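Nothing in this text is a laboratory measurement; each read-out follows from the coordinates by a stated rule. As the structure is a prediction and not an experimental result, all values here were calculated from the model.
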Amino acid sequence: NAGVTQTPKFQVLKTGQSMTLQCAQDMNHNSMYWYRQDPGMGLRLIYYSASEGTTDKGEVPNGYNVSRLNKREFSLRLESAAPSQTSVYFCASRDNLNQPQHFGDGTRLSIL
Amino acid sequence: GNSVTQMEGPVTLSEEAFLTINCTYTATGYPSLFWYVQYPGEGLQLLLKATKADDKGSNKGFEATYRKETTSFHLEKGSVQVSDSAVYFCALNPQTGANNLFFGTGTRLTVIP
């Protein structure tokens, strides 16, 4: 049971480089989410996609873009990475708004 | 607004000790409440949930009761094991139909033999 799969697991970037984080789910869920996890701050929502073809900003969208490529895949792009974007990024999905979210194992991103 | 305040850690307990991790919330509407657990190097896993006042969520020996009068959802376990060592997050879904989960800052639990 794969669930939510994120790639890569680790990445180091230089300031100004671009990068796309990939996320795929095999549970046929409608909604998908991108969070960042920082020490002492819990998880904060970056962007979400309530259904295929729609995306919306979360709490901390600046510096990021997303694409809901199809029902399975939801990617997060950093166009010009900044050290403040050093974090652990989690993708999540759920079937409908009354169900809990299922999380991937995370991508640890360091920007120098 | 919506927010979750969680007991700060880290918490270190001996095996078989009693565990309480406090969680209080503020919310508009009628929120659902969750506890998630994160083991080292892994993503978050749902531990238990409660969707309305006075509901008790339970799983793997952990329990939490949704208390509307005290706006709390404290996590408890009667006898912890080394395998319970992890980070625990309290989370709130503001109301039915809302897309955003609000998380507490997490509490790291270490259980020593």
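Could you give me the percent of Cα pairs per 10 Å distance bin for chain A, shortest bin first, beginning at zero and ending with the bin that holds the maximum distance?
15, 51, 29, 5
Which pairs in the list A:57/B:56; A:9/A:57; A:9/B:77 are over 30 Å apart, alpha-carbon to alpha-carbon?
Checking Cα-Cα distances, A:57/B:56; A:9/B:77 exceed 30 Å.
Tell me, what is the percent relative contact order of chain B, built from C-alpha pairs under 8 Å that lie six or more residues apart?
Contact order relative to length: 38 percent.
Stokes-Einstein D for region B:40-100 at 37 °C, 0.692 mPa s, Kirkwood Rh over Cα pairs, in µm²/s?
251 µm²/s
Bin by bin, in steps of 5 Å, what percent of the Cα pairs in chain B do you find, going until the bin that has the longest distance?
Here the calculated profile for chain B is 2, 13, 24, 26, 18, 10, 5, 2, 0.
Two decimals, Cα atoms only, Kirkwood Rh: what is Rg/Rh over region B:11-68?
On the Cα set of region B:11-68, Rg over Rh gives 1.00.
Please check: in the Gaussian network model of chain B (C-alpha springs, under 10 Å), which one of B:44, B:33, B:75 has the largest mean-square fluctuation.
The residue with the greatest mean-square fluctuation here is B:44.
Quick one: 3J(HN,Hα) in Hz for region A:32-48, Karplus 6.51/-1.76/1.60 with θ = phi - 60°, rounded, Gly and Pro as x.
Karplus-based 3J(HN,Hα) across region A:32-48 equals 9, 9, 10, 10, 10, 10, 10, x, x, 10, x, 9, 10, 7, 8, 8, 9 Hz.
Ratio of the protein assembly as shown's C-alpha Rg to 2.2 N^0.38 Å, to two decimals?
1.01
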